[in-house]
Amino acid sequence: MLVETNLTVPARATGLDAIHDSLSHFWQAVNAEVSRPGGDQWRHDFTIAVAEIAANIVRHAYASMPEPRDMHLRLCAYADRVEARFVDYGIAGTFPPPVEAAPEHVWQDIPESGRGLAIARACLDELVYRRNTTNRTNEWHLEKRFPV
């Protein structure tokens, strides 16, 4: 691992600002360690996906909770990829299967409020959701590989 950032994020919308700030610092550290493979599109895609998943956690997993606990975000850069891992204490989510339609038909079939996961999937090489029933957390793994 070349770069690692760990962040405890407030469970309210203000936590999204903390994530954006943390991503900015993360990219500065990544720039010092990793050359820019294939331009910056991969970096933009990863940032969008992290923001979409964070917003989904705040809007859906924590929406009905009177006192939600802070979520945790771990950002890592390796020689060939970047990864994010969210752990939140919100209600269990549902993770719909990928939309298999042609790209021009995908967006018209998804309600506007349900596009965050589709956007995140489109921006990443891997997106995995898992409910940890032992400690009652939601765990999200996001991965974007560098272009070759």
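Conditions (1) among the acidic types (D, E); (2) under 21 Å from I119 (Cα atoms), marked per residue:
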position	(1), (2)
L2	no, no
H25	no, no
V34	no, no
I48	no, yes
N56	no, yes
R59	no, yes
E67	yes, no
Y78	no, no
A84	no, yes
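When the stretch 22-65 is examined, which residues are found to be part of a loop (DSSP other than H, G, I, E, B), farther than 17 Å from R81 by Cβ and not aromatic (F, W, Y)?
Applying the first criterion (part of a loop (DSSP other than H, G, I, E, B)) to the stretch 22-65 yields 34-40, 62-65.
So of that shortlist, the ones also farther than 17 Å from R81 by Cβ come out as 62-65.
Answer for the stretch 22-65, where residues must be part of a loop (DSSP other than H, G, I, E, B), farther than 17 Å from R81 by Cβ and not aromatic (F, W, Y): A63, S64, M65.
Taking the options H20, H25, H44, name whichever one is exposed (fewer than 15 other Cβ atoms within 10 Å of the Cβ) and closer than 24 Å to E67 by Cα.
Numbers: H25 fails: closer than 24 Å to E67 by Cα; H44 fails: closer than 24 Å to E67 by Cα.
Going through H20, H25, H44 in turn, the sole match is H20.
Would you confirm whether or not the stretch 104-124 contains a residue that is buried (at least 16 other Cβ atoms within 10 Å of the Cβ), modelled with pLDDT of 95 or more and not small (G, A, S)?
Yes, the stretch 104-124 contains a residue that is buried (at least 16 other Cβ atoms within 10 Å of the Cβ), modelled with pLDDT of 95 or more and not small (G, A, S).
Any residue in the stretch 126-137 that's loosely packed, with under 11 Cβ neighbours inside 10 Å: show its pairings with residues that are not in a strand (DSSP E or B) at Cβ separation under 9 Å, as long as the two are six or more apart or on different chains.
Partner pairs satisfying both residue conditions: T133/A92; N135/Y89.
For the stretch 1-11, which positions are touching a Phe, Trp or Tyr at 6+ places or on another chain (Cβ under 8 Å) and closer than 15 Å to D88 by Cα? Walk me through how you get there before you give the answer.
Of the residues in the stretch 1-11, the ones touching a Phe, Trp or Tyr at 6+ places or on another chain (Cβ under 8 Å) are 1-3, 5, 11.
Correct list: A11 only.
The values are calculated or read from the model by the stated rules, or taken from the named source; none is laboratory data. Predicted, not measured: the structure shown is a model, and the values here were computed from it. Note: ideal-geometry Cβ built from the backbone for every residue, glycine included; neighbour counts use all protein chains shown.
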